[in-house]
Amino acid sequence: MSGLLVAGTTSDAGKSMLTAGICRWLRRRGVDVAPFKAQNMSNNSAIAVDGGEIGRAQALQAYACGLEPSVRFNPVLLKPGSDRQSQVVVLGQATGYIGARNYHEIKDRLRGTVLETLRELRAKHEVVICEGAGSPAEINLRAGDLANMGLARAADLPVIVVGDIDRGGVFAALYGTLALLDAEDQALISGFVINKFRGDSGLLQPGVDSLTELTGRPTLGVVPWSTELWLDGEDSLAYDGRVLGRPAAPRGGQWLRVAVVRLPRVSNATDAEAFAAEPGVQVRLTVEPADLADVDLVVLPGTKSTVDDLQWLRERGLADAVLAHAASGRPVLGICGGFQMLSERIFDDVESRRGAAPGLGLLPVEVTFADRKTLGRVTGTGLGSQPVRGYEIHHGVVSRAAEGLTPLIRLADGTGEGAVSGNVFGTHWHGAFETDEFRRAFLTEAARLAGRHGFQVAPDTSFAALRERTVDVLGDLVEEHLDTTALWRLIEGGAPSGLPTVVPGLRAPAPSAPRAEPASAPSPVAAGDVSGSPGGAGGGSAMVDRGVS
């Protein structure tokens with residue numbers, strides 16, 4: 001047995017979640033399966049068991065496989081800090097910054113790392129399900145591609161292409177993706193999947209039949225839109241004003257309303273999903289100051305560019321809105337970069353290289369950016385004696401704190417982490433609010449500060465069970481709506497021989513061609529799983545209701 005590569009017509013077409021669904025389906029069959037994404041571009045990351053960071057989608061895919069996340073599942077991660085520059089993370093560790101135009105300088109070294117890591121995974125596991133990046137038909141980036149057809153060709157992987165029908169034009173997108181590839185690449189494209197369909201799939205059959213006639217390749221299934229899939233989004237948060245998740249009715253007499261500021265370079269904003277999992281909690285992501293005026297809790301999430309995003313916060317009028325909210329006595333929470341923004345002063349010669357910059361002054365601490373990134377899984381207690389677990393991914397550290405300042409969390413050795421000052425809370429820990437007891441304690445205190453005395457937390461909400469349910473839904477969708485017999489044949493036997501070339505596909509430009517950029521390079525267009533801004537604000541939102549995405 002070998003593997004498969006899941007490619008997409010666009011970013012957010014459904015690669016990440018379809019890959020997770022296939023992984024869960026295979027695990028149910030008793031197959032030893034592992035995920036792999038050669039090169040990802042995302043500021044939503046997770047900490048692997050071996051200590052480094054990987055794309056959050058690969059952590060979810062590992063979970064679907066019944067495995068602990070490993071840096072081998074995502075050997076190259078690009079974390080955009082601006083429109084033209086990304087931090088390069090190789091096998092979990094930050095190795096520096098690179099621009100889109102000079103990314104080719106390290107491409108050959110990364111290729112060796114990618115192929116060797118995949119070789120090791122294939123030697124250890126029965127099957128490896130690979131996820132592509134962006135679209136394989138980005139012909140301007142084909143030369144030197146690491147993540148799509150370049151990987152498929154090097155590893156002899158069959159490829160299925162998933163298209164998002166909710167965007168419209170899915171048949172043109174699927175046919176066009178194939179037609180733009182050269183003959184050697186086309187020979188590996190073995191089938192299609194149509195994703196996020198709403199309605200009677202029988203209405204699609206004439207188009208599916210025509211696509212097969214035109215391409216000589218089957219459509220392996222039509223996956224319906226699912227309202228249950230909103231957890232662990234990776235690509236984008238570009239749905240200003242939209243409510244996150246499917247908020248259940250409150251257990252008490254009042255709702256708790258939460259506004260999460262969608263920063264331009266937001267990272268790990270999936271922290272907000274833990275709040276959205278609670279009945280009676282409405283979580284809205286926004287960039288509008290007016291949306292902060294009447295909410296109960298304001299959250300500043302993580303960011304890859306603390307100082308730059310803090311400047312944006314001021315320019316948008318959001319900083320004043322946050323300060324006004326805090327002055328009213330209602331709660332404010334900062335997580336990682338958001339915590340750093342709440343400080344009195346930030347010293348950054350690493351990320352933005354701007355030196356000293358004033359913070360919002362809501363917490364009596366100062367933050368200094370270190371060259372070495374803090375990475376790790378952590379445990380402690382907070383808000384009294386509530387257990388809490390999380391993970392750290394940050395350059396900034398608290399370099400000074402006011403004497404007697406109360407920490408939000410205490411580690412086992414008594415060391416304090418984060419801060420609480422009246423109605424303002426901050427922590428560097430991501431994932432802390434996935435711990436049910438800690439989340440309930442925090443929301444109870446937030447409701448008290450906001451005057452929402454009728455709000456009650458639900459004692460039976462389990463975030464871990466919600467994640468388990470998510471991957472089970474993905475596995476169900478694969479089992480029920482894909483031709484799994486044909487899928488298994490591809491995984492076992494590779495691409496069928498004799499697949500037709502639909503048109504004389506374009507030849508990939510020579511590596512020395514001018515202006516050729518690498519696949520998934522940190523460019524504002526067609527980079528990794530991000531379309532539009534490298535901060536993840538383009539394309540469709542991976543955190544809204546969707547089909548397999």
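The values are calculated or read from the model by the stated rules, or taken from the named source; none is laboratory data. What you see is a predicted model, and the numbers here were worked out from it, not measured in a lab. All Cβ positions, even for glycine, are placed from backbone atoms using ideal geometry, and neighbour counts span all protein chains on display. Each accessible area value is taken on the protein alone, full model and side chains, heavy atoms only, with ligands, DNA and RNA left out. Shrake-Rupley method; radii C 1.70, N 1.55, O 1.52, S 1.80 Å.
Each label point was placed 7 Å from the Cα along the Cα-to-Cβ direction; for D294 and S399 their separation is 4.3 nm. Taking each residue as 0.36 nm, the span from L323 to E184 lengthens on full extension beyond its C-alpha to C-alpha distance by 44.2 nm.
Between N102 and A356, the simple label model (points 7 Å from Cα in the Cβ direction) yields a spacing of 3.1 nm. Residues H395, H481, sorted by accessible area with the largest first, give H481, H395 [1.4 Å probe; ligands and nucleic acids excluded].
Per-residue extension of 0.36 nm, minus the Cα-Cα distance of D156 and T406, leaves a gain of 84.4 nm for this segment.
Only protein heavy atoms count here; on that basis, with a 1.4 Å probe, M341 has an accessible area of about 0 Å². Heavy-atom accessible area for D308, with the other protein chains in place and a 1.4 Å probe, reaches approximately 50 Å². Per-residue ellipticity at 222 nm, computed for the chain from helices alone with -39500 (n - 2.57) per DSSP H run of at least four residues, works out to -8500 deg cm²/dmol. Computed from the Cβ-Cβ distance with R0 of 45 Å, the FRET efficiency linking R119 to D476 stands at 0.90.
Considering only alpha-carbon pairs that sit under 8 angstrom and 6 or more positions apart, the relative contact order computed for the chain is 23 percent.
Out of every Cα-Cα pair that region 40-156 contains, those further apart than 21 angstrom amount to 35 percent. Using the Cβ-Cβ distance between L203 and E445 with R0 set to 35 Å, the FRET efficiency works out to roughly 0.10.
Full extension of the chain between D32 and R377 gives 121.6 nm of extra length, using 0.36 nm per residue less the Cα-Cα distance. Taken along the Cα-to-beta-carbon direction at a fixed 7 Å, the label points for L214 and T95 span 4.1 nm. Of the whole protein surface, D436 contributes about 30 Å² of accessible area at a 1.4 Å probe radius. Around the amide H of Q85, modelled in the peptide plane, lies no amide H under 5 Å away from a residue 5 or more places distant or on another chain. Measuring spread by the Cα atoms of the chain yields a radius of gyration and Dmax of 23.1, 74 Å. Could you tell me which of rounded, prolate or oblate describes region 381-470, using a ≥ b ≥ c as the square roots of the eigenvalues of the alpha-carbon gyration tensor, with rounded for a/c under 1.5 and, failing that, prolate when a/b is larger than b/c and oblate otherwise? Oblate is the answer for region 381-470, as a/c is 1.5 or above yet b/c matches or exceeds a/b.
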